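Worksheet for the structure shown next.
Please treat every number below as a calculation from the coordinates, not as lab data. Please read these numbers as outputs of a predicted model, since none were measured by experiment. All Cβ positions, even for glycine, are placed from backbone atoms using ideal geometry, and neighbour counts span all protein chains on display.
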Amino acid sequence: MSDKENIAIDVRDAVKRYGDFTALKTISLSIMDNEFFTLLGPSGCGKTTLLRMIAGFEAVTEGAIYLYGDEIENLPPNKRPVNTVFQNYALFPHMTILDNVAFGLEMRGKSKSEARKKAAEMLELVQLSQFSARKPSQLSGGQQQRVALARALAPQPKVLLLDEPLSALDLKLRKAMQLELKHLQRETGITFIFVTHDQEEALTMSDRIAVMSAGEMQQLGSPTDIYERPHNMFVADFIGETNLLEVSVDGITSGRATCHLGGGHELTCNAVEGVDVGSKVHMSIRPERLYMSDAPLETESLKGRVKENIFVGTDITTIVDLQDGPDFVVRTSNSDRGNKRIFEPGTEMFVNMELGAGRLLVD
Amino acid sequence: MAAGAASGGSATTDTYKEARTWLLLPAWVTLAILVLAPVIMMLIYSFLTKEFRGGVIWEFSLAAYDQFFFDRGLFGDDPAKIEWTYITIFWRSIWQAGAATLLSLVIGFPTAYFIATRSENMRPVWVFLITIPYWVNLLIRTVSMKFLLRDQGPLNDFLMNIGLIDSPLHIVNTNFAVQLGLFYSYLPFMVLPIYAAVERYNFALSEAAADLYASKWTTLRRVLLPAVKPGVFAGCILVFVPSMGSFLAPDLLGGAKNFMIGSLIEEQFKGNAGNWPFGAAASMILLTMVLIILMFSTRQQAKADKAGG
C-alpha cells in the first residue's frame, strides 16, 4: 500500500499562532488508515486546536495537513470529507433526531427521502430508532451523545473527529460508551481521531496516543509504550500514578544503568538513550510494579517503614517511608492479597521491584 | 422566595400571597391608568356625536363608523356605497409599515449579527452606538432627514458631484421616503431583540452545519434563522406596530399624497376642524387591525414551531 492509502491524516510542521501566543509549536504526525488515534493532554495543551485545524474551524498558521494524500488545510470545513462529534454534541435543537442525522446526507446531495432512509438505518445502529421523531432536548445526555455520533457517521466521512465527546457523561455511561465507540470504530473501519484529557479513556480505547503539553507533542506511541516506557517527566506524571525519584546515574554497562538515590539506596535499571553517566535525572516506578517483603529479596530491594495503608476498593495503596529517601507509593491488588503481603503501619519491611520496573526519564 | 414559602408552611405562604397582592398593586394601577382607561375612553368617544368645533356631544351615535366605511353622498341621503378613501389609507399604512419592517430586517439582521459576534467587551459599545441617534428628538431627526433628502439637499448634491446622476432624484414626498423615515425611526427595535437572540445562539451549531457540508447560506437558512426566530419575530412586531400608526414620517416625508392612518387620526384632533368621534373610531379600527395581525402571526409562528421547522 502506498502512503496515500495508508496515511489518513498527515500533519506536517503545523503551527498555530494567535497574535503573539503560540498555541501549537511545529507539530508533525501521521495518523494511519483505520486507526483509533488519541490526542491526550491537559486543558490548554493544544489538542483541541489541532483537531479543529483538521476539521477546518481553525486556520493553519504554518505548515500543511494532508487527508489521504490531498492537501486540505486551505479548504473550508464544508469541503472536507471529515466529520466531527462535538463536545456538547451541538445537535440542531429545532430539528427532530431523524432530521439531525439526515442533515449531512442531504447536504451531500441525497434526496430528502433517501437521506431520511439512510438516517433511520444509522439510528438503528445506535439503537435510537424509537426516538427518531423527538427533539434533542427530549433525550438524555447519553442518547444525545449517540445521536451526535450517528449524525457524524451518516455521511461516511473518511475520518471521524471526536472532541471530548464523553466528558459530559457520568462515569458508568462513559465506560459503556468507551467500549461502544471502540466497537463502532472496528465495525465501520473509519479512522477515529479522539481528543481527551482523561488518560484512562485514552489507554482503554486507542491504538496509538499522542501525549501533548504546552503546544508540543511529548510522546507518540501505543498505550503500552506510553504507560510502560514514558519518555519524560511530563508523560510519566500525567499518565497514571507513579513514583518519581531523583537519581544520579553512576555507571552504564551492557544496557544496565546503576543509579543511587538519596539515603544511599542503590538501584539498577535499563539504560535509556539520552541519559548518560553522571547525569542527575528522574526515575519513574509504577506503584503496582512494587511489592513488599519482610526480608530483602534477590531483586532490587529498598528498606523502609510502612506509614499508612489506604483501601481503595480494587486495591490497597501503601505509603512507605524509605529511610533518608523519598516516600514510596506501593499498590497491591486486592486479588493478590494471598500472594503478596500487607504490613501494618509502623512495620519495617523491604520494597522490591523487578529489574525493568524503574524507568529513567529524559528531563 | 419559592423555597421559603415551601419550607415555611402555610403561614409563610399566606403572608407571601398577601404581600404579593400589595406589591403588585402599583403595577396594576399604572396599567389601568395608562392602558385600560385610554382604550375605554376611546371606545366610548367613538360612539358619541361630534361637536363641530372639536369635542363631543354626549349622545350615542354610529356616525363615526358609518362615515369610515360608507359613502352616503354629500347630504347623507344617497344609498350607501363602500367608502374607499379611508380603507385605501389603511391599506397604504399596512404595506408602508410592512415595507419599512422588511427594510429594517434586511439591514438590522446583519447589524445585530455583527454586534453579537464582537468580543464580549465590545458588544455593549456597539449597542450604545446604535442608540446614540435616538437621544435626539424624533421630530428633529425626521425634519433633518427631509433636508438631507430634498432635491437641493446634500445627498443629491453629492450624487451629482460624483457624476452618478444628472438631475436630482425626487425622494421627498414619495412612498420610499416614508419607508426610509419609518425604517430610521424604528431600526433599533429590530436590532436589539435580534441581537439578544443571536448572542444566546450556540455558534457550535453553525460549525456543526459547516462540518456536515452545509454552505454558509444554507447554514443561515436552516440552522441560524430557525434558532433566532423568536428574536426576529419580536423585532418585526416592534417595528411594524408603531410604523402602522406613525404620523411624523408620513407627514414630513410623504406629503399629502402619501397620507397614512396616523396622520388621519392626528387631523381629527387638531384645531377646530377635527372630528373626535371619527378619530376615536379610526383608532379603534387601527387597534383591532393590529391585534388581528398579531394574533394571526403568533398563531402561524406557533404552528410552524409545532411542525418542527
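Please list, in chain and number order, the residues 5+ apart from residue A:194 or on another chain whose amide H is under 5 Å from its amide H, with Hs placed from the backbone.
Sorted by chain and number, the residues that satisfy this are A:37, A:38, A:39, A:162.
Compare the Cα positions of A:32, A:6, A:22 along the charge dipole of segment A:1-45 (+1 at Cβ of Lys, Arg; -1 at Cβ of Asp, Glu; about the Cα centre) and return the one farthest towards the positive end.
Positive-end residue among those listed: A:22.
What fraction of the DSSP beta bridges in the protein assembly as shown is antiparallel, stated in percent and rounded to the nearest 5?
Values: 71 of 90 bridges.
Here the antiparallel bridges make up roughly 80 percent for the protein assembly as shown.
For the charge dipole of chain B, defined by +1 on Lys and Arg C-beta atoms and -1 on Asp and Glu C-beta atoms about the Cα centroid, which residue among B:16, B:274, B:246 has the Cα displaced farthest towards the positive pole?
Among B:16, B:274, B:246, the one farthest towards the positive end of the dipole of chain B is B:16.
Quick check: the angle from helix A:141-153's long axis to the longest principal axis of chain A, C-alpha only, nearest 10 degrees?
70
Over segment B:90-268, what is the relative contact order in percent, taking alpha-carbon pairs closer than 8 angstrom and at least six residues apart? Present the calculation step by step, with values, prior to reporting the outcome.
Details: 200 pairs, mean separation 62.0, N = 179.
About 35 percent, as a whole number.
So how much slack lies between residue A:279 and residue A:140, counting 0.36 nm per residue of separation and subtracting their Cα-Cα distance, in nm? Walk me through the numbers before you get to the answer.
Numbers: separation 139, 0.36 × 139 = 50.04 nm, distance 5.49 nm.
Going from the current span to full extension adds 44.5 nm.
Counting Lys and Arg as +1 and Asp and Glu as -1, each charge on the Cβ, what is the dipole of the protein assembly as shown about the Cα centre in debye, to the nearest 20?
On the way: 61 positive and 70 negative charges, 557 e Å.
In total the dipole reaches around 2680 debye.
Work the Kirkwood hydrodynamic radius out for the protein assembly as shown: mean of 1/r over every pair of different alpha-carbon atoms, inverted, in Å.
Numbers: mean 1/r = 0.0309 Å⁻¹.
Computed over the protein assembly as shown, the radius equals 32.4 Å.
What is the antiparallel percent of DSSP beta bridges lying wholly in segment A:3-233, to the nearest 5?
On the way: 20 of 38 bridges.
Antiparallel bridges: around 55 percent, rounded to the nearest 5.
Under 5 Å between amide H atoms, partner at least 5 residues away or on a different chain: which partners does residue B:274 have, H built in plane at 1.01 Å?
Counting only residues 5 or more places away or on other chains, the set is B:54.
Between residue A:179 and residue B:134, how many nm apart are label points set 7 Å from Cα along the C-beta direction?
5.9
Can you give the helix-only mean residue ellipticity at 222 nm for the protein assembly as shown, where every DSSP H stretch with n ≥ 4 adds -39500 (n - 2.57) and the sum goes over all residues, rounded to the nearest 500 deg cm²/dmol? It would help to have the intermediate numbers written out before the result.
Numbers: 23 runs with 294 residues, N = 672.
Rounded to the nearest 500, it is -14000 deg cm²/dmol.
Rounded, prolate or oblate, given the Cα gyration tensor of chain B, with a/c below 1.5 counting as rounded?
Working: a/c = 1.96, a/b = 1.13, b/c = 1.73.
Oblate, because a/c is 1.5 or more while a/b does not exceed b/c.
Please work out the C-alpha center-to-center distance from segment B:228-283 to segment B:173-195 and express it in whole Å.
First find each Cα centre; the distance between them is then 14 Å.
Fewest first, what order do B:162, A:9 take by the number of other Cβ atoms within 10 Å? Could you put the intermediate results ahead of the total?
On the way: B:162 8, A:9 23.
If I rank by nearby Cβ atoms, fewest first, I get B:162, A:9.
Given the options A:150, A:232, A:351, identify the residue whose Cα lies farthest towards the positive end of the charge dipole of chain A (+1 on Cβ of Lys, Arg; -1 on Cβ of Asp, Glu).
A:150
With an 8 Å Cα cut-off and a minimum separation of 6 or more residues, compute the relative contact order for chain B in percent. Mind showing how you got there, number by number?
Details: 334 pairs, mean separation 79.0, N = 309.
Reported as a whole number, the value is 26 percent.
Can you put A:84, A:196, B:88 in order of Cβ neighbours within 10 angstrom, beginning with the fewest? Spell out each step's value before the answer.
Details: A:84 31, A:196 23, B:88 11.
The fewest-first ordering by Cβ neighbours comes to B:88, A:196, A:84.
Going by C-beta contacts inside 10 Å, put A:94, A:183, B:170 in order with the fewest on the left.
On the way: A:94 19, A:183 10, B:170 13.
Final ranking by Cβ density, sparse to dense: A:183, B:170, A:94.
Please give every one of the lysines within straight-line cross-link reach of residue A:182, meaning a C-alpha to C-alpha distance under 17 Å, and leave out same-chain neighbours fewer than 8 residues apart.
Within the straight-line cut-off, residue A:182 pairs with A:158, A:172.
Remind me, relative contact order of chain A in percent, using alpha carbon pairs under 8 angstrom and six or more residues apart? Intermediate results must be reported in sequence, preceding the final value.
Details: 780 pairs, mean separation 54.5, N = 363.
The value is 15 percent.
Kindly state, to the nearest 0.05, the FRET efficiency for residue A:317 paired with residue A:244, given R0 = 22 Å and r defined as their beta-carbon distance.
Working: r = 16 Å, r/R0 = 0.73.
With a Förster radius of 22 Å, E is 0.85.
Give, rounded to the nearest 20 debye, the magnitude of the charge dipole that chain B has about its Cα centre when Lys and Arg contribute +1 at Cβ and Asp and Glu contribute -1 at Cβ. Can you show the working numbers first?
Working: 22 positive and 20 negative charges, 142 e Å.
So the dipole magnitude of chain B works out to roughly 680 debye.
Given a Förster distance of 30 Å, report the FRET efficiency between residue B:95 and residue B:44 from their Cβ-Cβ distance, rounded to the nearest 0.05. Mind showing how you got there, number by number?
Working: r = 31 Å, r/R0 = 1.04.
Rounded to the nearest 0.05, the efficiency is 0.45.
Report, in debye and to the nearest 20, how large the dipole of chain A comes out about its Cα centre when Lys and Arg carry +1 and Asp and Glu carry -1 on their Cβ.
Numbers: 39 positive and 50 negative charges, 368 e Å.
The calculated dipole for chain A is roughly 1760 debye.
Apply the a/c threshold of 1.5 to the C-alpha gyration tensor of segment B:156-272 and tell me whether it is rounded, prolate or oblate.
Details: a/c = 3.97, a/b = 1.65, b/c = 2.41.
Judged from the Cα gyration tensor, segment B:156-272 comes out oblate (a/c at least 1.5, b/c at or above a/b).
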